[in-house]
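Remarks on the structure that follows.
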Amino acid sequence: LCSFAAPLMRFHSTDEGGAILCLVGPKGSGKSTALDAAGSVWGEHRALDLNTFDTRASRGVNLGVLGNLPVIYDEMEKQDAAILREFVAIFTAGRDRARATVDGGIRHEARTWQTILLAAANDPVVELLQGRQDDNEALSSRVLELPARLPDHISTAGSERLRENLKLNGGYAGD
């Protein structure tokens with residue numbers, strides 16, 4: 001549902017950047033499968049992915065290019081806590097940092113977004129965001145965490161079959 005709702009965020013508020021929904025649970029609880037399902041709505045979900053190896057600058061560029069499409073971030077808690085706090089602040093603001101040119105000017109390309117970030121983590125991300133006293137409540141309130149667990153009728157093998165079918169049918173729903 002969040003994947004379908006992400007493009008509608010631009011109608012919500014012009015001064016908000018995005019909302020973050022994070023599935024939290026142990027390995028094998030269906031978090032990555034849920035992210036694959038969300039990403040498959042629009043096509044190849046890897047095109048919507050962010051990860052811990054992305055540079056700060058490339059994340060802003062990617063978010064600006066995606067605009068109103070949903071963003072997928074698996075294993076979000078593996079990010080350094082200080083970098084994660086900065087990322088959450090920038091993402092929810094909806095605007096990338098200003099960049100300087102080699103001659104001392106400022107690049108004026110507008111890199112903005114209004115979307116939903118769907119994340120997964122083995123451990124609560126909110127606890128990582130509460131590292132600094134001055135902004136712990138503000139940042140942690142920008143992330144909605146939900147517990148993840150596979151329904152009783154779906155096995156791990158069934159989850160893998162579902163992921164393969166999502167890959168084969170990616171993009172049809174968004175179309």
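Quick note: the coordinates plus some simple rules give every number you see, no bench work behind them. Computed from a predicted structure; not experimentally measured. Here the Cβ positions follow ideal geometry from the backbone for every residue, glycine too, while neighbour counts run over all protein chains shown.
Adding -39500 (n - 2.57) for every DSSP H run of four residues or longer, then dividing by how many residues the chain holds, sets the calculated 222 nm ellipticity at -9500 deg cm²/dmol.
Applying a DSSP loop filter and a limit of 15 other Cβ atoms within 10 Å to the chymotrypsin sites (Phe, Trp or Tyr not before Pro) in region 40-100 leaves F53.
Pulled fully out, how much extra length does the chain show between I83 and R161, if you take 0.36 nm times their separation in residues and subtract their Cα-Cα distance?
Full extension of this stretch gives 24.6 nm more.
Annotation: aspartates and glutamates with alpha-carbon distance below 18 angstrom to K167 (same-chain offsets under eight excluded): D36, E44, D49, D74, D175.
Round to the nearest 0.05 the FRET efficiency obtained for N169 and L1 when R0 = 22 Å and r is the Cβ-Cβ distance.
That gives a FRET efficiency of 0.80.
Counting only residues at least eight positions apart within a chain, or on another chain, the lysines with an alpha carbon under 24 Å from that of K78 are K27, K31.
Taking GluC sites (Glu not before Pro) as exposed when DSSP calls them loop (any state but H, G, I, E, B) and at most 12 other Cβ atoms lie within 10 Å, what is the longest stretch of the chain free of them, the sites themselves excluded?
110-175
Relative to the longest principal axis of the Cα atoms of the chain, the long axis of helix 56-66 lies at roughly 70 degrees.
What is the local net charge at G94, summed over the other residues whose Cβ is closer than 11 Å to its Cβ (Lys, Arg +1; Asp, Glu -1)?
Summing Lys and Arg as +1 and Asp and Glu as -1 gives 0.
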